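> A single structure is presented below for examination.
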Amino acid sequence: MSLGKEFRDFAMRGNVVDMAVGMIIGAAFGTVINSLVKDVIMPPIGLALGKVDFSNLFVVLKGGRIPPPYPSVAEAASTGAVSINYGLFVNTIINFLIVALAVFLLIRVVNRARAQMEKAPEAAPTTKACPYCLSTVPIKAVKCAFCTSELKG
């Protein structure tokens, strides 16, 4: 088998395609969550904490070409300053917690649906086997259509 055909067979397997779709949706989901945290959740939290912008919380370890203070992380980075950007880390932690919560809720819904499907009663049988010829006949039949034997209730 040629390497190209072998790779094509591998790439077209259901698991690989499903995984690729999951990764693409996951990346899009991550972008949505980042926007949710940055644009919706963090502004009210920052306002409640005295107009703090978490993304610009940092500690300068070593000043850059222009001496500190710097108004933002971007300004510090542009001067070559070395800083610990703990505000960005807080944003990342909040992103992670929101994604984890969303995944937990999704898995919870899937597990509940799966449990309900497993609990669903099986449908009543609509056929039975003739004890004489083993042919399948309707459940209400009193005589076998194949061997004409009398069937008991």
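> Restricting things to alpha carbons, find the Rg to Rh ratio for the chain using the Kirkwood radius for Rh.
That ratio equals 1.42.
> Taking the alpha-carbon set of segment 51-118, what are its Rg and Dmax in Å?
Answer for segment 51-118, Rg first and Dmax second: 20.3, 67 Å.
> Per DSSP H run of n ≥ 4, the term is -39500 (n - 2.57); total these for the chain, divide by its residue number, and report the mean residue ellipticity at 222 nm rounded to 500 deg cm²/dmol.
It comes out at -17000 deg cm²/dmol, rounded to the nearest 500.
> Another question, then. Hydropathy first: keep DSSP H helices in the chain averaging at least -1.0 on Kyte-Doolittle, then drop any whose Cα extent along the axis falls short of 30 Å, and list what survives.
Helices passing the filter in the chain: 14-35, 86-119.
> Given a cut-off of under 8 Å on Cα pairs at least six residues apart, what relative contact order in percent is computed for segment 16-90?
This gives 26 percent for segment 16-90.
> Okay, moving on. For Ser83, what residues show an amide H to amide H distance below 5 Å, using hydrogens built from the backbone and excluding near sequence neighbours?
Those lying under 5 Å, H to H, from Ser83 are Leu61.
> Something else: Using Cα pairs closer than 8 Å and at least 6 residues apart in sequence, work out the relative contact order for the chain, in percent.
13 percent.
> Taking H as built 1.01 Å from N, whose amide H comes closer than 5 Å to the amide H of Lys128, not counting residues under 5 places away?
Val137, Ile139
> Evaluate E = 1/(1 + (r/R0)^6) for Leu105 and Ala11, where r is the Cβ-Cβ distance and R0 equals 30 Å; express this FRET efficiency to the nearest 0.05.
0.40
> Rounded to whole Å and sorted largest first, what semi-axes of the equivalent ellipsoid does the C-alpha gyration tensor of segment 92-153 yield via the square root of 5 times each eigenvalue?
Semi-axes from the Cα gyration tensor: 55, 9, 6 Å.
> Hey, another quick one. I'd like the Karplus ³J(HN,Hα) series for segment 138-144: coefficients 6.51, -1.76, 1.60, θ = phi - 60°, whole numbers in Hz, and an x wherever there's a Gly or Pro.
These are the phi-based 3J(HN,Hα) values: x, 4, 8, 5, 10, 9, 6 Hz.
The numbers here are math on the coordinates, done by the rules we state, and not lab data. Treat the numbers as computed from the prediction; the structure is a model and nothing was measured. Every residue, glycine as well, gets a Cβ built from its backbone with ideal geometry; the counts of neighbours run over all protein chains shown.
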